[in-house]
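Input: a single structure, listed below in structure tokens.
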Amino acid sequence: MRKFASLLFMLFVGATSSANGGQFSTTIEMQARNGTTFYVPGLITGLGAVDWMVDTGSGYMTINEDILALLKVKGAARFVKNLRGRLADGSELDVPIYSVDALSIGDACWLRDVEVAVFPGSTRPILGLNALQRTAPFIFSFEPPELVLSHCDGVTDVVAISQAAPTE
């Protein structure tokens, strides 16, 4: 009976571990700016390094027109649709939605084919809920300031690394 109980316990632990595989496996330190605004580093294939402003109130990741122009030259973004969005101040804005080949949150969490809203001018890139949902369950921690993400793709594709050239 004791052997049976031990075997049952090991099966339970093994099943629990495999069911939770990938959950909370990637921790990314956030940098606090202006007290309540947090940023995480990242990469966009075809562009290079970016600082994502973490915004859990934004439905989409956002990039600006300058970033889009560079991605289009490299063939790393394709048009998906137009969308009417509501901004934090209540105003509405028609924005194009593009799919970006690959991007990272930190250096260890890669996402492929991510939809991004393109804002006019040189606005800062925003890490929105459409990307964060793909890493669910996730934790946004104030103390210490970090994101803890699940189900991230690692850098397994040499093409993704080679396309992530630094911006000038």
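The values are calculated or read from the model by the stated rules, or taken from the named source; none is laboratory data. Worth saying up front: this structure is predicted, and the values here are computed from it rather than measured. Note that we place each Cβ from the backbone using ideal geometry, even for glycine, and neighbour counts take in every protein chain shown.
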Exercise for the section: Please enumerate the residues belonging to segment 82-113 that are touching a strand residue (DSSP E or B) at 6+ places or on another chain (Cβ under 9 Å) and at positive phi. Expected result: Gly106, Asp113
Exercise for the section: Go through Thr123, Thr156 for me and flag whichever is more than 11 Å from the chain's Cα centre (by Cα), farther than 21 Å from Ile28 by Cβ, of a type in the set (Val, Ile, Thr) and modelled with pLDDT under 95. Expected result: Thr123
Practice task
Say whether the condition of being within 15 Å of Asp51 (Cβ to Cβ) and in contact with a Leu (Cβ under 7 Å, 6 or more places away or on another chain) is met by at least one residue in segment 113-129.
Solution key: no
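Pick from segment 65-109 the residues that are in contact (Cβ under 8 Å) with a residue 40 or more places away in the chain, not in a strand (DSSP E or B) and not aliphatic (A, V, I, L, M): which of them is surrounded by the most Cβ atoms within 10 Å (Cβ to Cβ)? Working first, answer last.
Here is the first cut: in segment 65-109, the ones in contact (Cβ under 8 Å) with a residue 40 or more places away in the chain are 65-68, 70, 74, 76, 100-109.
Subsequent filtering for residues that are not in a strand (DSSP E or B) retains 65-68, 70, 74, 76, 106-108.
Pick out the ones that are also not aliphatic (A, V, I, L, M) and you get 65-66, 74, 106-107.
Numbers: Glu65: 13, Asp66: 14, Lys74: 14, Gly106: 20, Asp107: 14.
Of everything passing the filter in segment 65-109, Gly106 is surrounded by the most Cβ atoms within 10 Å (Cβ to Cβ).
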Handout entry: Among residues of segment 116-129, those that are in contact with a helix residue (DSSP H, G or I) (Cβ under 9 Å, 6 or more places away or on another chain) and either closer than 25 Å to Glu146 by Cβ or part of a loop (DSSP other than H, G, I, E, B) (or both), counted
Key = 6
